[in-house]
1. Looking only at residues in the range 164-178 that are in contact with a Gly (Cβ under 9 Å, 6 or more places away or on another chain) and crowded, with 21+ Cβ neighbours inside 10 Å, which one is nearest to P138 (Cα to Cα)?
2. Look at I103 and say whether it is of a type in the set (A, V, I, L, M, F, W, C), within 22 Å of Q174 (Cα to Cα) and either in a helix (DSSP H, G or I) or in contact with a Gly (Cβ under 8 Å, 6 or more places away or on another chain) (or both).
3. Please state which of the following conditions I61 fails to meet, knowing it meets all the rest: (1) buried (at least 19 other Cβ atoms within 10 Å of the Cβ); (2) of a type in the set (A, V, I, L, M); (3) within 29 Å of L39 (Cβ to Cβ).
4. I'm trying to understand the selection: among the residues of the range 12-31, which are crowded, with 16+ Cβ neighbours inside 10 Å and assigned to a helix (DSSP H, G or I)?
5. Would you be able to say whether some residue in the range 49-71 is touching a helix residue (DSSP H, G or I) at 6+ places or on another chain (Cβ under 6 Å) and under 24 Å from D193 (Cα atoms)?
6. Does the range 188-206 hold any residues that are within 20 Å of K225 (Cβ to Cβ) and of a type in the set (D, E, K, R), and which are they?
7. Checking D97 against (1) surrounded by fewer than 17 Cβ atoms within 10 Å (Cβ to Cβ); (2) in a loop (DSSP other than H, G, I, E, B), only one condition comes out false. Which one?
Amino acid sequence: MSEETLPAQATESTRPEIVLGANVSIAKTGLLAAIQETLNYNANTYMIYTRSNRGGKARPISEFHREEGLVLMHEHGIFDPVVHLSYLVNLASPKQDTWEYGISILSEEIQRVEYLGFQTIVFHPGSHVGQGEDYAIPRIAEALNGILSGEEKITLCLETMAGDGSKVGNSLEQIADIIARVEHQEKLGVCMDTCHNYSFGYDIVNHFDEFLEKFDQTIGLDRLKCAHINDSKTPFGSHRDRHANIGEGSIGLEALRHIVHHPVLRGIPQILETPGGKYKSEISLLLNPELQ
């Protein structure tokens, strides 16, 4: 099957209001494994890593069973799968070899994801490693300016972070500052993470609409392309990135249901990254208000 004749994913007319899935495995059979796991969860989207976070050479993307996978996605109504970039990439690093490695890996990942026909890559903006955000933000933008040509067929989504360690991209203002410095801003989006937002100090439990209003004023809601749906093991404003299972953390089931069903998030991929392999029951909890 040629790239020109790849089947479309499930048509827009059949797109559900809530596009919800989880971080799934590509072990052995690539997309076929990811799709089967997604179907087992009664989900309609998914997220994968195409390469190991332990480093080393990436598995050839041609071994991911692209054609069969796209057919299965079309048949089963699976929309807009997301790829998460390796955690080893740090576009804020003051170490030149680490910074250049990150540029190389992200550049390669764009090509890999375009080959799969997916639309979205989520990545952590980076860690300043003691140099401060005033150093890190221009450093990240410089890397993105070196990577993006404007011809890409994907959107790079900066993930909102929890404020732990030396990470940047914690506040909406930091994300906006990075985007403002990039030439091809049309290729950039944002992935909000509920655990990270709450841990950083955005009260998405009691004031989610106000958070969205601030997001719109600071970044623009048109850039909200993806969401990570996680509860938090630590309290509000803890600045710690510790995901909890849905309904078992400080955010709670009611607030997460409200977020998942919110009109602003309709149609965008929402991805669970919770511990313990409880995705099927968690997805059911989020989709069915009668369940507790």
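The values are calculated or read from the model by the stated rules, or taken from the named source; none is laboratory data. What you see is a predicted model; the values in this text were computed from it and never measured. Please note: Cβ atoms are built from the backbone with ideal geometry, for glycine as well, and neighbour counts cover all protein chains shown.
1. Step by step, filter the range 164-178, then rank; the result is I178.
2. Values: of a type in the set (A, V, I, L, M, F, W, C): yes; within 22 Å of Q174 (Cα to Cα): yes; either in a helix (DSSP H, G or I) or in contact with a Gly (Cβ under 8 Å, 6 or more places away or on another chain) (or both): yes.
Yes.
3. (1)
4. The answer is L31, and nothing else.
5. yes
6. D193
7. Condition not satisfied by D97: (2).
Matching residues to (1) free of Cβ contacts under 8 Å to residues at least 40 places away in the same chain; (2) in contact with an Asp or Glu (Cβ under 6 Å, 6 or more places away or on another chain); (3) of a type in the set (D, E); (4) farther than 21 Å from L20 by Cα:
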site: C191; (1), (2), (3), (4): no, yes, no, no
site: K225; (1), (2), (3), (4): no, no, no, no
site: I229; (1), (2), (3), (4): no, no, no, no
site: G237; (1), (2), (3), (4): yes, no, no, yes
site: R266; (1), (2), (3), (4): no, yes, no, no
